[in-house]
Amino acid sequence: MTVELNAQLTPEPPRPPTFHMSLPNVASLIEDYQCNGVIRVPGLFSAAEVAGIRAELERFMRDDLPSRPTDARTFEADGRTVRNLWRLEIHDPAIVPMVEKPEILSLVSQLVSGEPLLVGVETFNKQARVGSAVPYHQDNAYFCQTPPDMLTIWIAIDPVTMANGPVYYVRGSQKSGMQPTKPSGVKGNSIGMAEPPAVPLEEQFCGLLEPGDALIHQCETIHHSAPNTSDFPRLGLLLVYRGKHTQTDPKLKAAYTAAVSATPPS
Ligand SMILES: O=C(O)CCC(=O)C(=O)O
């Protein structure tokens, strides 16, 4: 009786938040990821969070980038428009707490089958009319990890439309593992696939997004994107995670080192 009475009168102590519950359908996201190698997560960031991230990226490019090493960015062919920012977790650590949310870590730990480590924060800016294409590739040609428990979260800061160069993914391609590569000669994407896949564009997963939506792809999922021929920018912020247990594969690393030496990012 006393116990029951206490239970009625004593307010429940606050519970630790179960963050993964705030992402709908986590089980189906995981199933989809394992099947297709890519998933769309709508509304991962709020409009206010997106505005904060955009403001920080703009501040960083204006105030800090000129004093950072040249490999902190890749310019477009015009030599002045930023194509990519690299290693923001080092060059602009203020961005990390803005993006590394507990619900993301919870989901990522399940997708990489282990403790998630944030190993890269970068951008693909794809400015209006100037933003260049990204050739067909598998990220693990750059990351060189085994097992391939590694992924990228691609967060839309601008709307991504058919016209401004969305990323296209070949569903299920991660299941076939790494395909032969060749140096691409593209600054910022130095290693690509030796042969493009036979899957027609209209059968590929097209990553159309609203600001704050995200795509998550496994590091061996084949993907690419077209140039931005529109009047609208297409800024994406990318978070790269690996499981703590992955290791560098020396063969992949040798191929990547040769490609990036031939075409450095800056
Ligand atoms: O944003 C793009 O156009 C390409 C992105 C990409 O290659 C990646 O997410 O690994």
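Only one entry in 79, 120 is within 24 Å of residue 166 (Cβ to Cβ) and among the small types (Gly, Ala, Ser), namely 120. Just so you know, in region 104-129 the residues that are within 13 Å of the ligand (Cβ to nearest atom) and over 14 Å from the mean Cα position of the chain (by Cα) include one that is surrounded by the most Cβ atoms within 10 Å (Cβ to Cβ), and it is 126. Between 161, 146, 152, the distinction of being modelled with pLDDT of 95 or more, of a type outside the set (A, V, I, L, M, F, W, C), within 14 Å of the ligand (Cβ to nearest atom) and surrounded by fewer than 19 Cβ atoms within 10 Å (Cβ to Cβ) belongs to 161 only. Whether a residue is farther than 17 Å from residue 40 by Cβ, without any contact (Cβ under 8 Å) to a residue 40 or more places away in the chain, of a type in the set (Lys, Arg) and more than 13 Å from the ligand (Cβ to nearest atom) was assessed, and residue 251 passes this test. When the residues of region 216-266 are filtered to those that are closer than 18 Å to residue 163 by Cα and touching a strand residue (DSSP E or B) at 6+ places or on another chain (Cβ under 7 Å), the one that is surrounded by the fewest Cβ atoms within 10 Å (Cβ to Cβ) is 224.
The rows are residues; the columns are (1) in a loop (DSSP other than H, G, I, E, B); (2) in contact (Cβ under 8 Å) with a residue 60 or more places away in the chain.
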{"position": "97", "(1), (2)": "no, no"}
{"position": "106", "(1), (2)": "no, yes"}
{"position": "118", "(1), (2)": "no, yes"}
{"position": "122", "(1), (2)": "no, yes"}
{"position": "130", "(1), (2)": "yes, yes"}
{"position": "135", "(1), (2)": "no, yes"}
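The values are calculated or read from the model by the stated rules, or taken from the named source; none is laboratory data. What you see is a predicted model; the values in this text were computed from it and never measured. Ideal geometry is used to build each Cβ from the backbone, glycine not excepted, and the neighbour counts take in all protein chains shown.
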